[in-house]
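Working notes, beginning with the structure itself.
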Amino acid sequence: MDKEILNKIKPGARIKVWERIKEGGKERPSPFEGIVIARKHGNEPGATIMVRGIFQEIGVEKIYPIHSPLIAKIEILEQPKKIHRAKLYFLRKLSQKKIRQKIGRPA
């Protein structure tokens with residue numbers, strides 16, 4: 001991973017993670033888009049990010065090791081405007097509209 005991108009991954013950022021998925025003998029990239037609700041252990045080898053996305057109207061959370069070879073790339077889609085917490089677990093109970101208001105995103 002590029003250090004510039006790793007520094008931009010913060011709680012509240014909306015990102016798209018491209019993970020490599022092996023099906024049979026083939027490998028394909030699969031995107032997962034969501035909001036970073038937690039980042040743990042800084043930049044050390046065991047560092048992880050927790051991404052929460054909505055898939056078919058159900059909240060899905062995935063934990064990705066930052067330095068995993070299964071992650072093809074990470075795209076930063078939006079940066080948070082007014083986040084002052086390290087862990088955003090309270091977003092689990094809120095609607096999409098309330099999340100946009102709390103994070104400070106345009107509608």
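Please treat every number below as a calculation from the coordinates, not as lab data. Predicted model only: the values in this text are computed from it and were never measured. For neighbour counting, all protein chains shown are included, and Cβ atoms are generated from backbone atoms with ideal geometry for every residue, glycine included.
Quick look at the values:
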read-out	value
Top of E33, E57, E44 by mean-square fluctuation, Gaussian network on the chain, Cα under 10 Å	E57
Relative contact order (%) - the stretch 3-100, alpha-carbon pairs under 8 angstrom, separation at least six	32
Cross-link table K40/K73; K26/K98; K22/K98; K22/K82; K22/K93, entries beyond 29 Å C-alpha to C-alpha	K26/K98; K22/K98; K22/K82; K22/K93
Å³ per residue enclosed by the Cα convex hull of the chain	110
S68 paired with K8, simple spin-label distance in nm, labels 7 Å along Cα-to-beta-carbon	2.2
With at most 14 neighbouring Cβ atoms within 10 Å, loop trypsin sites (Lys or Arg not before Pro) (DSSP) excluded, longest segment of the chain	1-80
Structure-based [θ]222 nm, the chain - -39500 (n - 2.57) summed over DSSP H runs of at least 4, per residue, nearest 500	-3500 deg cm²/dmol
Simple spin-label estimate for E33 and L77 in nanometres, 7 Å along Cα-Cβ	0.4
Förster radius 35 Å - calculated FRET efficiency between H41 and R100, Cβ distance, rounded to 0.05	0.75
